[in-house]
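Visitor: Please read through the structure below; I'll follow up with questions.
The values are calculated or read from the model by the stated rules, or taken from the named source; none is laboratory data. The model shown is predicted, which means the values in this text are computed figures rather than measured ones. So basically every Cβ, Gly included, is an ideal-geometry build from the backbone, and we count neighbours across all protein chains shown. For accessibility, only protein heavy atoms count, side chains too; no ligands or nucleic acids. Shrake-Rupley method; radii C 1.70, N 1.55, O 1.52, S 1.80 Å.
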Amino acid sequence: MITPSQTLLIHGWGANHHIFDPFLASLPLPNQMHMLTPDLPGHGCAPFNGTFDINTIADQLAARLSEPAHVLGWSLGGMVAISLAARYPDRVATLCLTASLAKLLASSDYPQGLQKVSLHQMADKFRMDYPKYMQQFLQLQMLYADTGIQTGMQHLLPAICQYGAPVALNAALHALEQADLRPLLSSLHCPVILVYGGRDTITPPRMGEYLHQQLPQSEWHLLPQAAHTPFLSHPDEFARVLGRFWEQYT
């Protein structure tokens, strides 16, 4: 197998690529590894043409990969990563899905989904005062993190908030609510690792357990005290798990 020289990290709804800044300091990367941390359309400094389409975004990201890469997708970014891996199997060497999902809303054949979505209220708050409510979001994610980790987050909020509230909040939320990627799961043949937080109420562990059941080649890791950003609240543990996984395929 070709040793990947690229790693692609895809952030989630309402954030931007800076959400990964603290984690990158913990991640064991070879010197030759090239990191790609793009902003989703209408998030961070990325332009927005009025349309937020998961498959189109996957197409655009695939074009940036010159060879099979390690791909990590968080939350909505994981949905983009699933589409990328299913549609472009030659571009994805391994796939890490963290606090992510195949489908958000519950249905008769998908009880793992949410009965009620609170993200609309969060979108309203983000538009009202993005720094204030992004700080609240991050603080909630860090409730069960070590004190040292919480203190280290002081530089993260200004980095994330420097662009203001994402202009694609509504469009991206609509895409998240409408997406059903379950039919794509049978097309995922790359090695997959699933890392979830036991205290996550946005994408509860049962969503990851569903993916694990549908992806027999996947590895499952639950961080019991983590919430929706396990790579932030438990970066060392997350990095160890991911590093061991990558070592198997390099």
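Visitor: Scanning for something open to solvent by 70 Å² or more (accessible area, probe 1.4 Å), of a type in the set (D, E, K, R) and either farther than 21 Å from residue 93 by Cα or outside any loop (DSSP other than H, G, I, E, B) (or both), does the stretch 200-207 turn up at least one residue?
Guide: yes
Visitor: Separate question: Which of (1) modelled with pLDDT of 95 or more; (2) part of a helix (DSSP H, G or I); (3) basic (Lys, Arg) is the odd one out, the single condition residue 240 does not satisfy?
Guide: Result: residue 240 passes all but (1).
Visitor: Here's a follow-up. Going residue by residue through the stretch 63-73, is there one that turns out to be under 14 Å from the mean Cα position of the chain (by Cα), over 21 Å from residue 243 (Cβ atoms) and touching a residue at least 60 places away in the same chain (Cβ under 8 Å)?
Guide: No, because not a single residue in the stretch 63-73 is under 14 Å from the mean Cα position of the chain (by Cα), over 21 Å from residue 243 (Cβ atoms) and touching a residue at least 60 places away in the same chain (Cβ under 8 Å).
Visitor: Cβ-Cβ under 6 Å, sequence separation 6+ or interchain: first residue in the stretch 81-106 and open to solvent by 10 Å² or more (accessible area, probe 1.4 Å), partner of a type in the set (Asp, Glu). Which pairs?
Guide: As it stands, the answer is 103/180, since those pairs meet every condition given.
Visitor: Residue 215 passes all but one of (1) within 24 Å of residue 233 (Cβ to Cβ); (2) open to solvent by less than 10 Å² (accessible area, probe 1.4 Å); which number fails?
Guide: The number of the failed condition is (1).
Visitor: Please determine whether any residue of the stretch 4-15 is within 18 Å of residue 89 (Cβ to Cβ), in contact with a Lys or Arg (Cβ under 7 Å, 6 or more places away or on another chain), touching a residue at least 40 places away in the same chain (Cβ under 8 Å) and crowded, with 19+ Cβ neighbours inside 10 Å.
Guide: no
Visitor: Can you tell me which condition residue 144 does not meet? The list is (1) within 18 Å of the chain's Cα centre (by Cα); (2) touching a residue at least 40 places away in the same chain (Cβ under 8 Å), and all the others hold.
Guide: (1)
Visitor: Please determine, by comparing only the residues of the stretch 218-250 that are within 14 Å of residue 94 (Cα to Cα) and of a type in the set (A, V, I, L, M), which one is surrounded by the fewest Cβ atoms within 10 Å (Cβ to Cβ).
Guide: Only one residue fits best here, namely 241.
Visitor: Moving on to the next point. Only one of 61, 27, 40 is over 16 Å from residue 176 (Cα atoms) and at pLDDT 95 or above; which?
Guide: On inspection, the qualifying residue turns out to be 61.
Condition check ((1) more than 27 Å from residue 53 (Cβ to Cβ); (2) over 14 Å from the mean Cα position of the chain (by Cα)) across all residues:
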position: 188; (1), (2): no, yes
position: 192; (1), (2): no, no
position: 196; (1), (2): no, no
position: 202; (1), (2): no, no
position: 219; (1), (2): yes, yes
position: 231; (1), (2): no, no
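Visitor: Shifting gears a bit: Going through the stretch 159-182 one residue at a time, which ones are touching a Pro at 6+ places or on another chain (Cβ under 8 Å), part of a helix (DSSP H, G or I) and either open to solvent by less than 20 Å² (accessible area, probe 1.4 Å) or free of Cβ contacts under 8 Å to residues at least 12 places away in the same chain (or both)?
Guide: 172
Visitor: What about residue 194, is it within 30 Å of residue 152 (Cα to Cα), open to solvent by 10 Å² or more (accessible area, probe 1.4 Å), assigned to a strand (DSSP E or B) and modelled with pLDDT of 95 or more?
Guide: no
Visitor: Separate question: Determine which member of the set 124, 146, 109 is closer than 25 Å to residue 81 by Cβ, of a type in the set (Asp, Glu) and either in contact with a His (Cβ under 9 Å, 6 or more places away or on another chain) or open to solvent by 30 Å² or more (accessible area, probe 1.4 Å) (or both).
Guide: 109
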